[in-house]
Amino acid sequence: MISSSLLAVLQSDSQDVDVAHGYFLQGIALSDQGQYQAAIIRLEHARLLLTAQGHAEKALRAILELVRLHHWLENLNMARVYAQMASDWLVKGREDTLLAAEALLRVATLALETENYREGEQVALRALQRYEAKGDLQGICDAWLLLFHLHNQTGRHPSAGAYLQLVTSLVQAANLGVAYDIAALCSNAHWHWYRGELEVALQAARQAVELADAAGQSKQRVYNRVVAGNLELAMGQGHTARRWYQDAEQLAREIGFPQSLSWVHVQQAWLAILQERYEAARWLLQRVRRTQDSGKAMSFGVFQGVLYSLTERAVEATDLLDRSLAYYLQSCNLLAANTVRLHLAANWLRSGELALATEALGMALQWMAEQQIDYLPLWWHPPTMTMLCTHALQLGIQPALAEQVLVRYLGASASVAMQDLLRSDDPVVVRRAADVLALLDSGPLAMLGDSLDAPVRAVLTDLLTTRRLLAAGLASLAARLMTAERRETPNPTLVAVFGLYVHDVPRKEIAAQLHLSDAAVRNYINHIFKVFELPYDSAQRSERRLQLRAQALAAGYIGDMPARP
């Protein structure tokens with residue numbers, strides 16, 4: 001705090017602008033040396049003195065440095081105070097100077113950090129216009145970087161990609177320095193991450209870590225490690241992610257960024273949630289619950305809300321997730337808002353509130369479909385997404401999008417869920433599940449090999465989706481029907497013939513559907529009867545197919561479907 005006596009000295013006639021300028025230079029030097037609190041005191045002295053002497057533009061320079069320092073130290077409340085001072089100056093002063101452009105950019109950057117996206121974008125565009133008018137390449141690049149993050153973090157990936165392309169071209173052409181090289185790499189990592197292109201994103205993040213380490217960019221060393229950890233975690237590499245987070249935590253302590261520790265602990269909590277170590281997650285989240293920054297509080301609330309939902313505390317989960325949803329809708333962060341909607345839907349599904357779950361799921365998936373988004377980087381929980389996409393397939397809620405998410409990102413858990421859906425009584429649902437399994441290459445047909453002829457694949461797919469053949473019994477049936485010549489390899493054509501014949505499809509029609517000769521079909525049918533130990537008897541010729549059907553039904557090879565009349 002500045003005492004009244006010191007303020008009087010600063011305002012006295014004996015002081016002049018050189019003294020204030022000295023304070024300003026001392027503040028900059030102390031900041032460069034990492035003595036941030038001492039730098040803040042000197043810069044505040046300079047601001048007070050310059051303001052008292054009526055040097056508004058020089059005072060603004062001190063204000064902007066104070067915004068930058070408090071932002072750097074993640075003291076966002078103080079950064080807001082000084083950003084408001086800068087905004088007041090802009091209202092009274094001239095906006096056609098580079099100093100005004102810098103002030104606008106500082107205000108816009110803080111708006112991004114506090115998730116006031118609408119204001120941030122408007123102010124960033126004003127800053128960009130002034131930098132372009134002055135031909136300031138660094139300022140232009142700063143504005144483009146900011147606009148990239150404003151668009152990318154709110155789910156507007158095409159326009160974000162356009163800004164990233166501009167940044168990359170300018171950084172390469174203008175040689176702006178290592179800080180911009182790191183920023184471009186980090187932005188590249190985020191661009192690919194938010195689009196679900198995780199391996200490419202991780203490569204960029206690792207390059208950013210290496211470059212920041214070599215350049216001694218202290219805060220970027222911490223931040224880029226957290227990003228790399230998040231990407232490893234999204235790829236299912238929990239052990240590697242943990243090492244990145246531990247490294248980031250150690251660096252944050254060494255460098256002196258205590259506020260960064262809370263964000264690292266939140267990522268560690270999410271790792272614990274994904275590994276179902278719920279007590280460890282609860283302990284970590286309790287360490288970071290108290291924060292004066294509203295944006296962080298809402299984000300931390302989502303982590304806690306998901307934990308509550310997964311541990312059967314649906315009421316508390318609903319309260320936290322509802323509050324976060326309202327916040328993100330107000331801040332125009334629709335990417336975060338619709339991710340929270342999905343977790344609300346999952347919470348209601350778990351607690352049996354099917355109507356509420358279906359409504360929230362429909363709203364979130366509709367927005368994703370409109371934005372052509374199939375991956376959500378925030379609070380990505382694969383078991384939850386599998387459950388939600390399975391529910392969407394059952395009810396026909398954006399089924400194409402649900403299928404895309406299951407196939408591209410959910411792998412083994414999607415395969416298990418789709419195997420369960422094959423038991424549905426609804427043939428449309430069964431068809432959707434079979435299509436997902438086929439795309440995953442882990443469906444019931446996968447056990448028959450990867451060289452199925454198109455007609456055979458089409459027939460088997462139809463038999464499975466109409467439950468005339470049961471997926472659960474397919475492996476046993478295929479093993480039973482192996483021919484002597486191909487004892488170690490399933491014969492999918494023979495299985496297809498069986499599936500059609502046992503449901504009274506005429507021999508000539510079987511031949512037509514499978515593109516076989518009538519003689520080949522006859523030989524297959526004779527082999528089937530031999531396997532099922534049903535020898536030919538002219539007196540019981542009409543009964544053999546019924547006996548075959550009865551055995552197949554008892555063994556669980558076929559569904560209880562009426563035979564053809």
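Since every read-out is calculated from the coordinates, none of them should be taken as a lab result. The shown structure was predicted, so the numbers you read here are calculated from the model rather than taken from an experiment. Cβ atoms come from the backbone with ideal geometry, glycine included; neighbour counts cover every protein chain shown.
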Inset, instruction - For the chain, report the translational diffusion coefficient in µm²/s to the nearest whole number, using Stokes-Einstein at 37 °C, 0.692 mPa s, and a Kirkwood Rh over Cα pairs. - result: 118
Legend entry - Whether the range 67-201 is rounded, prolate or oblate, judged on the alpha carbon gyration tensor where a/c under 1.5 counts as rounded: prolate
Inset, instruction - Using label points projected 7 Å from each Cα along Cα→Cβ, tell me how many nm separate D322 and A475, to one decimal. - result: 4.6
Legend entry - Mean Cβ count within 10 Å, highest first, over the residues of peptides 381-393, 348-360, 543-555: 381-393, 348-360, 543-555
Inset, instruction - Please sort through the DSSP H helices of the chain and keep those with an alpha-carbon extent of at least 18 Å along the long axis and a Kyte-Doolittle average not below 1.0. - result: 98-113, 427-440
Legend entry - Cα centroid separation, the range 117-157 to the range 411-435 (Å): 46
Inset, instruction - Calculate the spin-label point distance for S159 paired with R277, positioning each point 7 Å from the Cα along the beta-carbon direction, and give it in nanometres. - result: 4.1
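Please label the shape of the range 446-555 as rounded, prolate or oblate, based on the square roots a ≥ b ≥ c of the eigenvalues of the alpha-carbon gyration tensor (a/c under 1.5 means rounded; beyond that, a/b larger than b/c means prolate, else oblate).
Taking the square roots of the gyration eigenvalues as a ≥ b ≥ c, the range 446-555 is rounded.
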Legend entry - Alpha carbon centroid spacing (whole Å) that separates the range 300-346 from the range 18-39: 43
